[in-house]
Amino acid sequence: MKKFLLILFLATCSLFLITGCGGQSQDKTPAEPEKKSVEKTPTSSADKKILVVYFSRTGEEYSIGKITKGNTAIVADYIAQKIGADTFEIKAATPYPDEYEACTELAKQELESNVRPAIEKNIDNLAQYDTIFIGYPIWWGAVPRVLLTFLEANDFSGKTIIPFCTHGGSGLAGTEREIADACPNSKVLSGLAIVGKTAQNDFPAAQKDVDDWLKTLGY
Ligand SMILES: Cc1cc2nc3c(=O)[nH]c(=O)nc-3n(C[C@H](O)[C@H](O)[C@H](O)COP(=O)(O)O)c2cc1C
């Protein structure tokens with residue numbers, strides 16, 4: 001009888017252990033969401049980097065005099081600092097003339113022949129940015145041809161582009177369309193136009209316009 005009770009006891013323990021194992025495997029189920037949270041990481045907002053790309057010229061400026069930092073560069077740096085973005089400056093391989101008239105002449109020829117002047121260096125890490133602010137001066141009612149060189153040399157598919165310009169009175173002059181045409185499959189938002197002289201000589205006023213605009217964009 002004692003033997004029988006011992007066997008019964010051992011059999012009950014085994015059954016308990018087997019059931020216990022099954023219970024453990026059920027306990028593993030809640031571990032699955034951990035995998036999901038890993039998958040989510042790459043798309044979290046902390047990983048979305050913003051870039052401010054700009055072209056800007058120094059030298060002799062109409063009605064301002066000689067400038068050492070371009071009007072667009074001033075606005076670009078302010079936007080980048082305000083929203084914590086990286087910057088990339090587009091430079092022409094052959095710099096534009098310092099002298100204003102000579103620069104306007106060259107820019108006119110480039111527009112008429114619709115050339116793509118070489119850039120000094122292309123960006124090598126564009127893929128990591130989802131949102132790209134693009135800044136430029138208005139040249140002859142259009143974007144400088146060298147900006148098109150940069151846009152056409154890169155793939156902006158799936159990215160959001162936010163244009164901004166500085167100008168002497170033309171405003172954006174339809175340049176958002178030029179950018180949209182050069183960057184198919186990207187989303188081009190409404191841009192901001194700042195008078196060049198304001199950026200150079202009345203920075204607080206330019207700053208306010210930028211701040212108000214960034215607010216409308218959710219920054
Ligand atoms: C070659 C050239 C062409 C320009 N054409 C125009 C124009 O068509 N309309 C306008 O409002 N301003 C025009 N401007 C003035 C610039 O857009 C303005 O000064 C701008 O702020 C310059 O920016 P930056 O200092 O970043 O180069 C022109 C300037 C240059 C040098």
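Coordinate-derived values only; no laboratory data. Here the structure is a predicted model, which means the values were calculated and not measured. Every residue, glycine as well, gets a Cβ built from its backbone with ideal geometry; the counts of neighbours run over all protein chains shown.
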*Note the full-extension length gain between Y219 and R177 as 0.36 nm times their separation in residues minus their Cα-Cα distance, in nm to one decimal.*
12.8 nm
_Charge-dipole axis of the range 48-216 as Lys and Arg at +1 and Asp and Glu at -1 on Cβ define it, positive-most pick from A142, I83, F156_ = I83
*With a sphere of radius 13 Å drawn around the Cβ of L192, what net charge do the other residues whose Cβ falls strictly inside it have (Lys, Arg +1; Asp, Glu -1)?*
-1
_A118/K187 FRET efficiency (R0 30 Å; Cβ-Cβ; nearest 0.05)_ = 0.60
*Counting only DSSP beta bridges with both residues in the range 48-216, tell me the antiparallel percent, nearest 5.*
15 percent
*Where labels lie 7 Å past Cα in the beta-carbon direction, separation of S170 and E99 in nm*: 2.3 nm
*Charge tally in the Cβ shell below 11 Å around W139, where Lys, Arg are +1 and Asp, Glu are -1, W139 excluded*: +2
_Less than 11 Å Cβ to Cβ from E110, Lys/Arg counted +1 and Asp/Glu -1: what total charge do the surrounding residues give?_
+1
_Length-normalised contact order of the range 48-216 in % [C-alpha pairs under 8 Å, at least 6 apart]_ = 23 percent
*Among the trypsin sites (Lys or Arg not before Pro) within the range 117-165, which fall in a DSSP loop and have no more than 13 other Cβ atoms within 10 Å of their own Cβ?*
K121
